[in-house]
Amino acid sequence: MKAGAPAGADGPVRAGSAGDVARVSATVPASPADAFDLFTRETDLWWRRGVRFRAGGRAPGALHFEPGAGGRLFEEFTNDTGTHLVEFGRITVWEPAARLVFEWRNVNFAPDEKTEVEVRFEAAGRGTRVTVVHRGWSSLRADHPARHGEPADVFIRRLGLWWGELLTALREHAARRP
């Protein structure tokens, strides 16, 4: 790992061209089929809670993937103003045990703005290497609120760390299963 490069769940975060891509991997103690199932069907059990990770913060609710191409990634939560549903994106590729691709929309994205998340599941020894590639950030203006005023390289590193925390939570969840 290069000095000063932030670590993902298993290694360095690699930024692509012009601050466009964050790539993070973690090895989870499960087969590719089980790792895919954990990622997509048990999302609410491993995806961290709080304002950094959920639209509802710590409000009671759940985060879900609807299975299959066209399905949604959404969060439903209840707070003092009622029940809310926030859609983060739609699934564009659903290949159980191998690959998942979905659109990603932060809550502060305009209706026509989106990025893309690709998740690969590859056998690695007694487990599965789960790799998240989050790309498309160069399509957003440099002063977009999602970037928090950070230069592209700093933002991509921070995004890689964010995904790294989530993949660590996935790995920990997988390790707790019988």
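The values are calculated or read from the model by the stated rules, or taken from the named source; none is laboratory data. Being a predicted model, the structure only gives us computed values, none of them experimental. With ideal geometry, Cβ positions are generated from the backbone for all residues, glycine too; neighbour counts draw on all protein chains shown.
Mind listing just one residue for me: the one in the stretch 53-74 that is in contact with a helix residue (DSSP H, G or I) (Cβ under 9 Å, 6 or more places away or on another chain) and part of a strand (DSSP E or B) and, of those, surrounded by the fewest Cβ atoms within 10 Å (Cβ to Cβ)?
So, considering only residues that are in contact with a helix residue (DSSP H, G or I) (Cβ under 9 Å, 6 or more places away or on another chain) and part of a strand (DSSP E or B), the one surrounded by the fewest Cβ atoms within 10 Å (Cβ to Cβ) is Ala62.
Does the stretch 75-105 hold any residues that are β-branched (Val, Ile, Thr) and under 20 Å from Val117 (Cβ atoms), and which are they?
If the condition is that a residue be β-branched (Val, Ile, Thr) and under 20 Å from Val117 (Cβ atoms), then Val86, Ile91, Thr92, Val93, Val101 are the ones that fit.
Give the residues of the stretch 146-169 that are over 15 Å from the mean Cα position of the chain (by Cα) and of a type in the set (Val, Ile, Thr), sorted by residue number.
Val154
For the stretch 99-118: of the residues being more than 15 Å from Trp162 (Cα to Cα) and of a type in the set (A, V, I, L, M), which is modelled with the lowest pLDDT?
Per the stated criteria, the residue is Val107.
Yes or no: the stretch 79-96 includes at least one residue that is touching a helix residue (DSSP H, G or I) at 6+ places or on another chain (Cβ under 6 Å) and part of a strand (DSSP E or B).
No, the stretch 79-96 contains no residue that is touching a helix residue (DSSP H, G or I) at 6+ places or on another chain (Cβ under 6 Å) and part of a strand (DSSP E or B).
Given the conditions (1) without any contact (Cβ under 8 Å) to a residue 60 or more places away in the chain; (2) in a helix (DSSP H, G or I), which single one is not true for Glu165?
(1)
Modelled with pLDDT of 90 or more, crowded, with 16+ Cβ neighbours inside 10 Å and of a type in the set (Val, Ile, Thr), is that true of Val21?
Considered against the rule, which asks whether it is modelled with pLDDT of 90 or more, crowded, with 16+ Cβ neighbours inside 10 Å and of a type in the set (Val, Ile, Thr), Val21 comes out as yes.
Please list, ordered by first then second residue, the pairs with beta carbon atoms under 8 Å, 6 or more apart or interchain, first in the stretch 139-153 and acidic (Asp, Glu), second assigned to a loop (DSSP other than H, G, I, E, B).
Asp143/Gly149; Asp153/Ala15
Please specify each residue of the stretch 30-52 satisfying the condition of being assigned to a loop (DSSP other than H, G, I, E, B) and at negative phi.
Ala30, Ser31, Glu42, Trp47, Arg48, Arg49, Val51, Arg52
Any idea which of Glu113, Glu172, Glu118 is in contact (Cβ under 8 Å) with a residue 12 or more places away in the chain and under 11 Å from the mean Cα position of the chain (by Cα)?
Of Glu113, Glu172, Glu118, the one residue that is in contact (Cβ under 8 Å) with a residue 12 or more places away in the chain and under 11 Å from the mean Cα position of the chain (by Cα) is Glu118.
Would you be able to say whether some residue in the stretch 53-74 is in contact (Cβ under 8 Å) with a residue 60 or more places away in the chain and closer than 24 Å to Pro29 by Cβ? I'd like the intermediate steps shown before the answer.
Let us first name the residues in the stretch 53-74 that are in contact (Cβ under 8 Å) with a residue 60 or more places away in the chain, namely 53.
Narrowing the set further to residues that are closer than 24 Å to Pro29 by Cβ leaves 53.
Yes, that holds for at least one residue.
Hey, can you tell me all the residues within the stretch 48-94 that are modelled with pLDDT of 95 or more, more than 18 Å from His134 (Cβ to Cβ) and among the acidic types (Asp, Glu)?
Glu66, Glu76
Just to be sure, is Glu122 outside any loop (DSSP other than H, G, I, E, B), modelled with pLDDT of 95 or more and surrounded by fewer than 19 Cβ atoms within 10 Å (Cβ to Cβ)? Lay out the reasoning, then the answer.
Details: outside any loop (DSSP other than H, G, I, E, B): yes; modelled with pLDDT of 95 or more: yes; surrounded by fewer than 19 Cβ atoms within 10 Å (Cβ to Cβ): yes.
Yes.
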